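Derivation of every value follows stated rules applied to the coordinates shown; laboratory data play no part. If you're wondering where the values come from, they're calculated on a predicted model, not measured in any experiment. Ideal geometry is used to build each Cβ from the backbone, glycine not excepted, and the neighbour counts take in all protein chains shown.
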Amino acid sequence: MAADKTKLSYLAGLLLRLAIPCAILAAGWFGFQLLADKVSKPPRPQPKKVLLRSRVEEIEIVDYPVVVKTNAVVQAHNQVTLASQVSGKVATTSPSFEVGAYFNKGDILVEIDPSDYETAVAIAESELEAAKSQLQLAKLVEERKLRLVESNAVSQGEVQTASASREQAEANVALSETRVKQAKLNLKRTKIVAPFDGRVMSKLIGIGQLAGVNNPLGEVFAIDFVEVRLPISGEQKEFLQLPEFAEDAPVPVQFQDGLLDSPNTVWHGKIVRTEGVLDENSRDLFAIARIDDPFGRKSAGPPLRIGQPVIASIAGKVLHDVAALPRGAVRQLDHIVLVDGEEHTLLPLEVEAIWSDAEKVIVPASSIPKGMLLATTPMPFTPKGAKIEIIPPAETTTSIAESASSETDESVAN
């Protein structure tokens, strides 16, 4: 009996020890289930539908005159380095021989001390007079020998000697005349004369300096006209009729200042020829334009200086039956968005441009369906067939992104 009680008490203690952990586990599982239950949230409000909005404009079919624009730099058509053909000390320089000064053809720009060359002329002339006297004497001797040989007073050998002396004297006279010409030419070369109407670019010598033969004295350039070397790409060339031969008619071209945006400052010129080779790097063709009276000495126009960047506008071919689209309405270079004039639905369209410039993109009229308007307001997405609200001209343009943002702010505030 005592043994049975002992067993019962042991089992009861064992069950008690097992019950405590089980109770703890049960309580933990129940708490986890409570915490794991989803919290009920109120349903999110449905976003309001936003209607696409855009400005539109009519697409007109026109004849569009192409104007090719290119950039270039003005250069002198004749630029030379003045050099002395004789040596000597610089005696005088003309006031026209200063950097930037104008001069006329035939003006004496620099004069080298002529004293030595005047002396050389005098010596050469004296030698010429002596040679002429010797020639006269040789002729008299020859004539006398010829008379005496007829009477056998002199031998034929003496006559031949007299003739040879006369020929030598004639050669000495010719040589002396050449020396006189050379001496006078050297004297003339002491004066450096302007070869054309021009302007001084640089001055490299002054009074008192020694000028050597072929030493540079300065650089000058002609001012009767200037030239501009215009790069024309292969795409641009298709729309121009450039002169290829001397008898071809010149092409008018207008120039604007490439440094200052001044539409009132323009120069008018003409393309007179094209170069015979393409540029090695760009493969561009260069057309040579000529501008007369660049410094406005006769026309009183604004001066066009050497080295000045200019923007050239060349009138090209006229494109017939085309649509001139604003460049801002063309996305990704070849995508536009049309709007059905009656249904007000969108029609994204890919186009192929015939010509484009800074303001317009020109496409064939046949590529634009009839009855369509052009959307000009930027939109983030343009699904085909989507309804659109046309913005009246007087209303400020608002993009679809700004409209969506304003609608979201209102819903949050409410």
Are any of the pairs LYS145/LYS184; LYS105/LYS317; LYS191/LYS298; LYS105/LYS132; LYS360/LYS387 more than 32 Å apart by Cα-Cα distance, and if so, which?
-> LYS145/LYS184; LYS105/LYS317; LYS105/LYS132
Hull volume in cubic angstrom per residue (convex hull over the Cα atoms of the stretch 172-254) = 228 Å³
Kindly state, to the nearest 0.05, the FRET efficiency for GLN75 paired with LEU137, given R0 = 56 Å and r defined as their beta-carbon distance.
-> 0.35
Residues whose modelled amide H sits under 5 Å from the amide H of ASN215, counting only those 5 or more places away in sequence or on another chain, are SER84
Unit charges at the beta carbon, dipole of the stretch 236-372: most positive-side option, LEU338, GLN241, PRO302 | PRO302
Virtual spin-label span in nm between ILE123 and THR161, 7 Å along Cα→Cβ = 3.3 nm
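To the nearest 20 debye, what is the magnitude of the charge dipole of the stretch 82-180 about its Cα centre, counting +1 on the Cβ of each Lys and Arg and -1 on the Cβ of each Asp and Glu?
Values: 9 positive and 16 negative charges, 73 e Å.
Value, rounded to 20: 340 debye.
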Putting +1 on Lys and Arg Cβ atoms and -1 on Asp and Glu Cβ atoms, find which of VAL121, SER163, LEU185 reaches farthest to the positive end of the dipole of the stretch 114-189.
-> LEU185
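Using the Cα centre as the reference, give the magnitude of the dipole from point charges on the C-beta atoms of the stretch 164-257 (Lys, Arg: +1; Asp, Glu: -1; all else neutral), rounded to the nearest 20 debye.
Working: 11 positive and 13 negative charges, 215 e Å.
Roughly 1040 debye, rounded to the nearest 20.
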In order over the stretch 286-298: 3J(HN,Hα) from phi, Karplus 6.51/-1.76/1.60, θ = phi - 60°, whole Hz, x for each Gly or Pro, gives 9, 9, 9, 9, 10, 10, 7, 6, x, 9, x, 6, 9
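Under the definition of Cα pairs under 8 Å and six or more residues apart, what whole-number percent is the relative contact order of the stretch 114-189?
Working: 60 pairs, mean separation 40.2, N = 76.
Here the relative contact order equals 53 percent.
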Cα convex hull of the stretch 264-312, projected area averaged across orientations, nm² | 4.4 nm²
